[in-house]
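Step one of this worksheet: look at the structure below.
Read-outs: derived from the displayed coordinates by stated rules, not from any lab. As the structure is a prediction and not an experimental result, all values here were calculated from the model. In this analysis, Cβ positions are derived from the backbone assuming ideal geometry, glycine residues included, and neighbour counts consider all displayed protein chains.
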């Protein structure tokens, strides 16, 4: 499956012991599941509606590896294991790190692991009515519906905060997106869905908006 490219700017949200807020910018990386104008809604009601975007990162890319290491380190600190080296981690420690990790090993369409990793950033529609979206020159983009498809190249702004429930961890919040290369989501065609041309009703307005539902990312590998 092909994915778009995303560069992410992110903001460190202070915990109770810190008052400063640090800002960062990630490298360009592939993206998928861009729900920026409309939140992703789980039909089964398991997940709360979220604005979100997922990055696909290549650990062989130096800048991608730095981002993966940074976020993994944040999660490790949040779980009280920050002072342990890789060699000092016990089996129980590794299990703790794997629990609700923000860094996920990517799976292909057949459920097999690939060489890539995924990180999802999201935020609640309780706080914003859309994700601020900009073009390559920083001009705002206004759309009513989600329109950024896989294979788009973007920059994403995000923040993080620690949480202490369960084993603890780090939450990653989506703040904004800058689009560098846009491939628009237009929905699936009749042919994509397996429909053939048959005798019957013919739509008089062939340019009517697509009725195809947007792809959902509410599966077991999505951290939000």
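Compute the Kirkwood hydrodynamic radius of region 106-151, taking the inverse of the mean of 1/r over all pairs of distinct Cα atoms, and give it in Å to one decimal.
Here the Kirkwood hydrodynamic radius works out to 13.9 Å.
Dimensions of region 29-109 along principal axes (Cα, Å, largest first)?
Taking the Cα atoms of region 29-109, the three principal extents are 43, 31, 24 Å.
Roughly what % of DSSP beta bridges within region 4-181 run antiparallel, to the nearest 5?
Around 75 percent of the beta bridges assigned by DSSP in region 4-181 are antiparallel ones.
So what is the diffusion coefficient of region 94-208 in µm² per second by Stokes-Einstein at 25 °C and 0.890 mPa s, using a Kirkwood Rh over Cα pairs?
135 µm²/s
Fewest Cβ neighbours within 10 Å first, please rank 110, 151 accordingly.
So the ranking, lowest neighbour count to highest, is 110, 151.
So if each residue of separation counts as 0.36 nm, and I subtract the Cα-Cα distance between residue 145 and residue 83, what length gain in nm does that give?
17.8 nm
Would you mind ranking 46, 56 by Cβ crowding within 10 Å, fewest neighbours first?
Starting with the residue having the fewest Cβ neighbours, the order is 46, 56.
Would you mind computing the Rg to Rh ratio of region 38-161 from its alpha-carbon coordinates, Kirkwood style for Rh?
On the way: Rg = 17.0 Å, Rh = 17.0 Å.
Ratio of gyration radius to Kirkwood radius for region 38-161: 1.00.
For a quick check: sort 143, 50 by the number of other beta carbons within 10 angstrom, fewest at the front.
143, 50
Could you give the distance between the Cα centres of region 153-168 and region 61-133, to the whole Å?
Spelled out, the Cα-based centre of one part sits 9 Å from the other.
Please tell me the relative contact order of region 4-181 in percent, rounded to the nearest whole number, where contacts are Cα pairs under 8 Å and at least six residues apart. Let's see the in-between values first.
Values: 383 pairs, mean separation 56.0, N = 178.
For region 4-181, the relative contact order is 31 percent.
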